[in-house]
1. Name, by its number, the condition in (1) modelled with pLDDT of 95 or more; (2) β-branched (Val, Ile, Thr); (3) under 30 Å from ARG185 (Cα atoms) that does not hold for ILE125.
2. Cβ-Cβ below 7 Å, separation at least six or inter-chain, first residue in the stretch 182-207 and assigned by TED's automatic domain parsing to the domain that holds SER27, second among the aliphatic types (A, V, I, L, M) and assigned to a loop (DSSP other than H, G, I, E, B): which pairs?
3. Considering (1) in a strand (DSSP E or B); (2) outside the structural domain of GLU77 (by TED's automatic domain parsing), say which one ARG318 fails and leave the rest.
4. Counting only residues that are modelled with pLDDT of 95 or more and of a type outside the set (A, V, I, L, M), which one in the stretch 387-412 is nearest to SER352 (Cα to Cα)?
5. Of everything in the stretch 368-398, what is within 24 Å of the chain's Cα centre (by Cα) and surrounded by 15 or more Cβ atoms within 10 Å (Cβ to Cβ)? Give them in sequence order.
6. Considering (1) touching a residue at least 40 places away in the same chain (Cβ under 8 Å); (2) surrounded by fewer than 15 Cβ atoms within 10 Å (Cβ to Cβ); (3) more than 19 Å from ASP282 (Cβ to Cβ), say which one ALA119 fails and leave the rest.
7. With respect to GLU332, determine if the residue is touching a helix residue (DSSP H, G or I) at 6+ places or on another chain (Cβ under 8 Å) and not polar (S, T, N, Q).
8. Considering each of ALA142, ALA94, ALA180 in turn, give the residue that is over 21 Å from GLU20 (Cα atoms) and of a type in the set (Gly, Ala, Ser).
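The values are calculated or read from the model by the stated rules, or taken from the named source; none is laboratory data. Just so we're clear, the structure is a prediction, and the values are computed from it rather than from any experiment. All Cβ positions, glycine included, derive from the backbone under ideal geometry; neighbour counts span all protein chains shown.
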Amino acid sequence: MSTYRIQGATGEWEVVIGLEVHAQVTSQSKLFSGASTAFGAEPNSQVSLVDAAMPGMLPVPNAECIRQAVRTGMAIEAQINRWSRFDRKNYFYADLPQGYQISQLYHPLVGEGKLLIEADEKAGIPEDKIIGIERIHVEQDAGKLMHDQHPTMSYVDLNRCGVALMEIVSRPDMRSPAEAGAYVRKLRSILRYVGSCDGNMEQGSMRADVNVSVRRPGDEFGTRTETKNVNSVRFVMAVIEQEARRQVDLIEDGGTVVQETRLYDPDRNETRSMRSKEDAHDYRYFPDPDLLPLVLEEDFLADCRASLPELPDAKRKRYVEVLGLTPYNARELTAEVETFARFETLLAETASVLGKGEPEVATQVANWSLSVAPGVMKALGDSADPAHGTAAAQAAILKMQAAGEISGGQAKEIYEIVLTTGRAPEEIAATEGLKQLSDTGAIESVIDEVLAANADKVAEYRGGKDKLFGFFVGQTMKALQGKGNPAVVNDLLKAKLGG
């Protein structure tokens, strides 16, 4: 169990957290119209007559949006409701031309599911934990109001109006900012694996409403507040810390937490009141009369199920049990779609050029993918061209290293040249003097010279000073200008010194 607590003047408090994540569905057109969903278009250039709520315009559900929501539900092992219905949620804002939002309150498309967050001692998550997911419902997004374009007027951009959203509602199962951060990261990862949302929080295609309350450990839930539209994992965690502290201070000063909607100001790192929290009856929900209920056929569900990829938990387990990777490497490699895709491509290429099975080379490829290659890219900065770092080029480097032709340091140097010039790794190794010396005769000759020049230390070593072995290795490698094969050098030194 998490032991995260807030220390108040009168004792400890526990924080209770639930998240409502709004994820924009990956689709070419909107939920009920054919207008484009492309990001970054000119304001009001992607608005159909349906989106603008022109008289007589009727919504028609986009089957791809429904499919993506169902696939997402399956990925979190949720109940898929074969019968669901759209409702109208009535409220009046300038960026909502209809005067209502088409959503799902009473009969959502997806029911209860779950999501696993993994133990991370450094982050303050001592053990694996299951977070319950209450529902996923499909709804249309509103437009966007821009208040800073003119001193006396606000502008309305309806490009987002009608874009399909999945609202993924968790249970109040999280008890620390770390758990909430892990939940958002894991959910984003699943959405991106499935392909149902691009997870771009900066562009607003994934954002969270953060529900926070505090209580004495073991007591009933307290009154919660909801902080709207938080668009990064870091900000989600900051909202929880700041809002929980605000509520504790308020209660201990004799005040009462009011159920309300709040906004987060990242510049000041504080939440502030936006409006009193509405209840469902305030929105006057009722079934949308223009839309028939959604009825899902078995063939449709089977197609959705068959289209799912290997998901993060299953992939992580396979990396450990089949490929023999450490749990840490498996977790790092499966966290992002791009990371595992690059790793698996390089793994297949390396296994092929070495003529070995993937489990035999997986650890070498994982270490290269997580440490060496990113380190070289970071050091080179803008001078590196990622297009030059093909899987074939990297596999060629790993092949030379596995054969003992180059050292780890030489592998990095060769990759640097590959990224900046696009030259072939084998040609670089041959022409730039970046090959290890493995000629036993040449190495033996150098060792003889080193031992002869350090006869006193040879006697000390043979007298029991084993730690001097490192000295002889260093002197030999120095004489070989760092190009000696360490394994060959070690073996020959041990033989010579033992004699």
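1. That leaves (1) as the condition not met.
2. SER189/ALA335; ILE190/ILE76; ILE190/LEU311; TYR193/LEU311; VAL194/LEU308; SER196/VAL25; CYS197/VAL25; ARG207/MET201
3. ARG318 satisfies every listed condition except (1).
4. LYS399
5. Within the stretch 368-398, TRP368, SER369, LEU370, VAL372, ALA373, VAL376, MET377, GLY389, THR390, ALA391 qualify.
6. It fails just one condition, (1).
7. yes
8. Numbers: ALA142 fails: over 21 Å from GLU20 (Cα atoms); ALA180 fails: over 21 Å from GLU20 (Cα atoms).
The unique qualifying residue is ALA94.
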